[in-house]
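Enquirer: Below are the structure tokens for one structure; questions will follow.
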Amino acid sequence: MKNILVIGSTGQIGSELTMKLRDIYGNDNVVCGYIPGAEPKGALLESGPAEIVDITNPDHIAAAVKKYNVDTIYNLAALLSATAEARPQLAWAIGVGGLYNTLEVARECGCAVFTPSSIGSFGKATPRVKTPQDTIQRPETIYGVTKVTGEMLSDYYTKRFGVDTRSVRFPGLISYTTPPGGGTTDYAVDIYYSAVRGEKFKCPLKPGTFMDMMYMPDALRAAIEIMEADPSRLVHRNSFNIASLSFDPEIIYNKIKEYVPDLEMEYVLDPLRQQIADSWPDSLDDTCAREEWDWKPQYDLDAMTKDMLVNLRKKLLVTA
Ligand code: AKB
């Protein structure tokens with residue numbers, strides 16, 4: 001039985017991953033780590049333990065790990081790409097300083113650590129289509145710089161200190177539960193909200209801007225399966241390419257229009273997000289994840305779109 005601490009439990013991934021981990025490993029065995037101002041609410045608060053864990057404070061991490069006898073840490077604290085450009089010093093403090101604090105506690109207390117990387121860890125020099133697992137990583141954003149640093153630091157802690165670190169490079173994540181904030185791929189969530197609310201969607205990215213995306217249930221499964229994987233099969237650790245969908249604004253718009261024919265979209269470009277998206281790959285090659293721990297996505301664009309629309313309508317209490 002694992003004892004798990006989720007740092008960043010109330011964010012886009014954390015709010016769903018914490019609940020899924022509780023379903024699998026037991027409510028009492030998964031601690032919701034949060035920062036003041038982002039307190040857990042509802043089922044997340046009521047179903048299990050919660051502690052203030054500010055990743056920039058190593059004492060917070062150590063205290064929670066010792067109090068709950070934690071053996072596995074999911075480190076989900078991060079500023080997403082566009083927000084990070086506005087606050088690069090904080091992005092570094094959380095993404096790299098926070099990871100260092102986490103790895104040090106893990107080294108002292110014998111914890112395994114999952115820290116997501118991202119398609120943002122690549123840059124313009126990276127092969128753009130079917131980006132290989134091992135390739136050039138020269139990102140142009142502070143978000144990407146923290147992600148590449150995180151991948152290297154995590155691998156270093158495994159080789160040097162035997163800390164069990166593992167990771168995946170998440171694409172843009174799409175979910176109806178907790179909205180993302182400050183990411184470059186957020187438009188692919190926002191367009192569903194516009195469709196369900198009957199609003200015209202203002203797309204911040206140009207047609208032809210392809211990026212990898214994934215439905216949240218697949219992403220959660222990936223985070224859990226990589227931590228459960230047989231270590232003797234892992235050639236890589238930090239961090240695995242995973243992939244499921246690659247589309248541009250026109251493709252997702254036309255897919256949603258199959259179910260919401262009245263949806264309208266206009267392009268109102270956001271220069272920062274466009275610049276970031278233009279530096280990221282169109283699609284990743286996830287062969288190594290498939291070979292080393294049997295990764296396989298379950299949702300295609302059609303299945304995700306149907307599920308998103310049904311669940312967002314329920315959430316926003318809109319009848320079809
Ligand atoms: C972002 O857009 O910043 C994130 C990511 C792809 O890492 N969703």
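The values are calculated or read from the model by the stated rules, or taken from the named source; none is laboratory data. Remember, it's a predicted structure, so these values are computed and weren't measured experimentally. We place every Cβ from the backbone using ideal geometry, glycine too, and count neighbours over all the protein chains shown. Just the protein is used for accessible areas: all its heavy atoms, side chains included, with ligands, DNA and RNA removed. Shrake-Rupley method; radii C 1.70, N 1.55, O 1.52, S 1.80 Å.
Enquirer: Residues of region 186-209 being assigned to a loop (DSSP other than H, G, I, E, B) and under 24 Å from LEU79 (Cβ atoms), which ones?
Expert: Those that are assigned to a loop (DSSP other than H, G, I, E, B) and under 24 Å from LEU79 (Cβ atoms): ASP186, PRO204, LEU205, THR209.
Enquirer: Give the residue, chosen from MET308, MET304, MET227, that is closer than 22 Å to ASP186 by Cα, assigned to a helix (DSSP H, G or I) and in contact with a strand residue (DSSP E or B) (Cβ under 6 Å, 6 or more places away or on another chain).
Expert: MET304
Enquirer: Mind checking whether some residue in region 219-237 is without any contact (Cβ under 8 Å) to a residue 40 or more places away in the chain and touching a Leu at 6+ places or on another chain (Cβ under 7 Å)?
Expert: Looking for residues that are without any contact (Cβ under 8 Å) to a residue 40 or more places away in the chain and touching a Leu at 6+ places or on another chain (Cβ under 7 Å), one finds none in region 219-237, hence no.
Enquirer: It is to be established whether one or more residues within region 172-183 are out of contact with any Ser or Thr (no Cβ under 9 Å at 6 or more places or on another chain) and part of a helix (DSSP H, G or I).
Expert: Checking region 172-183: not a single residue is out of contact with any Ser or Thr (no Cβ under 9 Å at 6 or more places or on another chain) and part of a helix (DSSP H, G or I).
Enquirer: Another question about this same structure. For region 82-125, enumerate the residues that are in a strand (DSSP E or B) and within 12 Å of the ligand (Cβ to nearest atom). Break it down into steps so the answer makes sense when it comes.
Expert: Taking region 82-125 and keeping what is in a strand (DSSP E or B), we get 112-114, 117-118.
Within region 82-125, SER117, SER118 qualify.
Enquirer: Quick one: is VAL168 within 16 Å of the ligand (Cβ to nearest atom) and free of Cβ contacts under 8 Å to residues at least 40 places away in the same chain?
Expert: Details: within 16 Å of the ligand (Cβ to nearest atom): yes; free of Cβ contacts under 8 Å to residues at least 40 places away in the same chain: no.
No.
Enquirer: How about region 187-245: which of its residues are of a type in the set (A, V, I, L, M, F, W, C) and over 24 Å from ASP307 (Cβ atoms)?
Expert: Matches in region 187-245: MET227, ALA229, LEU234, VAL235, PHE240.
Enquirer: Out of (1) hydroxyl-bearing (Ser, Thr, Tyr); (2) away from the ligand (no atom under 16 Å from the Cβ); (3) open to solvent by 40 Å² or more (accessible area, probe 1.4 Å), what's the single condition that is false for TYR253?
Expert: The one condition TYR253 does not meet is (3).
Enquirer: Find the residue count for region 188-208, including only residues that are within 12 Å of the ligand (Cβ to nearest atom) and in contact with a helix residue (DSSP H, G or I) (Cβ under 7 Å, 6 or more places away or on another chain).
Expert: 3
Enquirer: Read through the list (1) open to solvent by 10 Å² or more (accessible area, probe 1.4 Å); (2) in the same structural domain as ARG237 (by TED's automatic domain parsing); (3) of a type outside the set (Lys, Arg), then give the number of the only condition that SER167 fails.
Expert: Every condition holds for SER167 apart from (1).
Enquirer: Here's something else I'd like to know. Which ones in region 19-73 are assigned to a loop (DSSP other than H, G, I, E, B), within 22 Å of THR178 (Cβ to Cβ) and hydrophobic (A, V, I, L, M, F, W, C)?
Expert: The answer is ILE35, ALA38, VAL53, ILE55.
Enquirer: Further question: Is it the case, given these coordinates, that TYR267 is touching a Lys or Arg at 6+ places or on another chain (Cβ under 8 Å), open to solvent by 50 Å² or more (accessible area, probe 1.4 Å), outside the structural domain of THR83 (by TED's automatic domain parsing) and closer than 30 Å to PRO127 by Cβ?
Expert: On the way: touching a Lys or Arg at 6+ places or on another chain (Cβ under 8 Å): yes; open to solvent by 50 Å² or more (accessible area, probe 1.4 Å): yes; outside the structural domain of THR83 (by TED's automatic domain parsing): yes; closer than 30 Å to PRO127 by Cβ: yes.
Judged against the criteria, TYR267 is a match.
Enquirer: A further question follows. Within region 46-81, how many residues turn out to be within 16 Å of ASN101 (Cβ to Cβ), open to solvent by 30 Å² or more (accessible area, probe 1.4 Å) and away from the ligand (no atom under 16 Å from the Cβ)?
Expert: Total meeting the criteria: 10.
Enquirer: Moving on to the next point. Residues of region 1-34 being surrounded by fewer than 19 Cβ atoms within 10 Å (Cβ to Cβ) and within 26 Å of SER118 (Cβ to Cβ), which ones?
Expert: LYS2, LYS20, ASP23, ILE24, TYR25
Enquirer: If you don't mind, there's one more thing I want to ask. Are any residues in region 270-301 in a helix (DSSP H, G or I) and either within 16 Å of the ligand (Cβ to nearest atom) or open to solvent by less than 10 Å² (accessible area, probe 1.4 Å) (or both), and if so, which ones? Full working, then the answer.
Expert: Let us first name the residues in region 270-301 that are in a helix (DSSP H, G or I), namely 271-278, 287-293, 301.
Those that are in a helix (DSSP H, G or I) and either within 16 Å of the ligand (Cβ to nearest atom) or open to solvent by less than 10 Å² (accessible area, probe 1.4 Å) (or both): PRO271, LEU272, ARG273, GLN274, GLN275, ILE276, ALA277, ASP278, ALA289.
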